[in-house]
Amino acid sequence: MVHSEKVEVLIEALPYVNRFYKQIIVIKYGGNAMTSEELKEAVLYDILLMKSVGMLPIIVHGGGPFISDMLGKLEIESEFVDGIRVTTEEAMEVVEMVLAGSVNNDIVKKFNHIGGRAIGISGMDDQFLKVKKAQSDSADYGYVGEIEDIEVDLIRQLIESDYVPVISSVGMGEDGKSYNINADTVASAIAGKIEADKFMLLTDIEGVLLDRNDPDSLVSHLSKKEAEDLIAQGIISGGMIPKVECCLDAIKQGVRAAHIIDGRMKHSLLLELFFDMGIGTMITNEKEKAHAD
Ligand SMILES: Nc1ncnc2c1ncn2[C@@H]1O[C@H](COP(=O)(O)OP(=O)(O)O)[C@@H](O)[C@H]1O
Ligand SMILES: CC(=O)N[C@@H](CCC(=O)OP(=O)(O)O)C(=O)O
């Protein structure tokens, strides 16, 4: 981004920023918003701006496509069942290496390079993310974890000390081993436990659409009830179901608003936060708010 563009973003944002002072914003940053260095930089600049105007952002990241690439290179088979990666012991080593190692370090390094103060952690740090092996009738997912307990003290201390926590979705089992967890699930659970003001989920589509082939059919605002109805009617389907459910879980636990936004679009976080109509879909308990509230 050239300097004049950065300044324009800042100037447009200024009148809106006060209301966000000290608000906790949990951002789920997935692999689909990491497809180019330019896009990564745009996301991290948005988060840096959020931090510099007094918000308390927390980044929870995925990186599924990078895990798949590395597993492919190492010729280790991996398959998804119902959106969950079946994770053998061998695959888990790769998941941890990629998520808690390279993807986490890359975000921390880039964020700090542009002037931020990020600290990278995974569920192993202070054992903050305790899991048990996920149980399912349909498959043995191997080293996939189901969240048992989240201790948010460490995260709270980091945000109160001016850091931006960068959290990878690897949890710690009772057996002392690492477990793989879907990053949307981790982000939503952290947002709920820390009672975040906002949960922002970056995905690979504009938001919730009434016709998924028509971006103009974007639903800008959904109440909890409307979201549940759209799932029941089959309008929200496939990969969008767990995303909306993660948003509903977060709201149920006290998060004020959840936002599903397009991670492929540069500066989508700022556009959603600072403009009343936003650019994605906001989900709240009732429909009384603007995106920027
Ligand atoms: N009503 C809907 N609105 C938008 N997307 C939908 C809807 N129903 C199903 N989808 C699908 O959900 C996908 C998002 O889920 P997914 O691909 O799992 O996301 P991600 O790759 O970000 O984890 C969209 O790309 C779209 O194909
Ligand atoms: C259990 C499970 O499926 N874990 C995910 C964790 C990464 C992730 O969620 O990454 P995105 O957010 O980029 O999709 C995986 O192995 O791909």
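On the basis of being within 14 Å of Ala258 (Cα to Cα), within 16 Å of ligand 2 (Cβ to nearest atom), among the aliphatic types (A, V, I, L, M) and in a strand (DSSP E or B), does Leu201 make the cut? Yes. Selection of the stretch 1-59 for residues being of a type in the set (Phe, Trp, Tyr) and modelled with pLDDT of 90 or more yields Tyr29, Tyr45.
Quick grid of which residues meet (1) under 26 Å from Met34 (Cβ atoms); (2) modelled with pLDDT under 95; (3) touching a Gly at 6+ places or on another chain (Cβ under 8 Å); (4) surrounded by 14 or more Cβ atoms within 10 Å (Cβ to Cβ):
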| position | (1), (2), (3), (4) |
| --- | --- |
| Asp216 | no, no, no, no |
| Ile236 | yes, no, no, yes |
| Val244 | yes, no, no, yes |
| Asp249 | yes, no, yes, yes |
| Leu269 | yes, no, no, yes |
| Thr281 | yes, no, yes, yes |
| Thr284 | no, no, no, yes |
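Of the residues making up the stretch 245-275, those that are farther than 21 Å from Met50 by Cβ, more than 15 Å from ligand 2 (Cβ to nearest atom) and out of contact with any Ser or Thr (no Cβ under 6 Å at 6 or more places or on another chain) are Leu248, Lys252, Gln253. Taking the stretch 46-65 as the range and being assigned to a helix (DSSP H, G or I) and either within 16 Å of ligand 1 (Cβ to nearest atom) or over 15 Å from Phe274 (Cβ atoms) (or both) as the test, the residues that pass are Gly64, Pro65.
In the stretch 152-195, the residue that is farthest from Gln253 (Cα to Cα) out of those that are in contact with a His (Cβ under 8 Å, 6 or more places away or on another chain) and not in a strand (DSSP E or B) is Ser169. Contact list please: Cβ distance under 9 Å, first residue in the stretch 154-174 and free of Cβ contacts under 8 Å to residues at least 40 places away in the same chain and of a type in the set (Lys, Arg), second residue away from ligand 1 (no atom under 16 Å from the Cβ) and not in a strand (DSSP E or B), pairs at least six apart or on different chains. Every condition considered, the pairs that remain are Arg156/Ile194.
The values are calculated or read from the model by the stated rules, or taken from the named source; none is laboratory data. The structure presented is a predicted model; accordingly, all values stated were derived computationally and were not measured. Note that we place each Cβ from the backbone using ideal geometry, even for glycine, and neighbour counts take in every protein chain shown.
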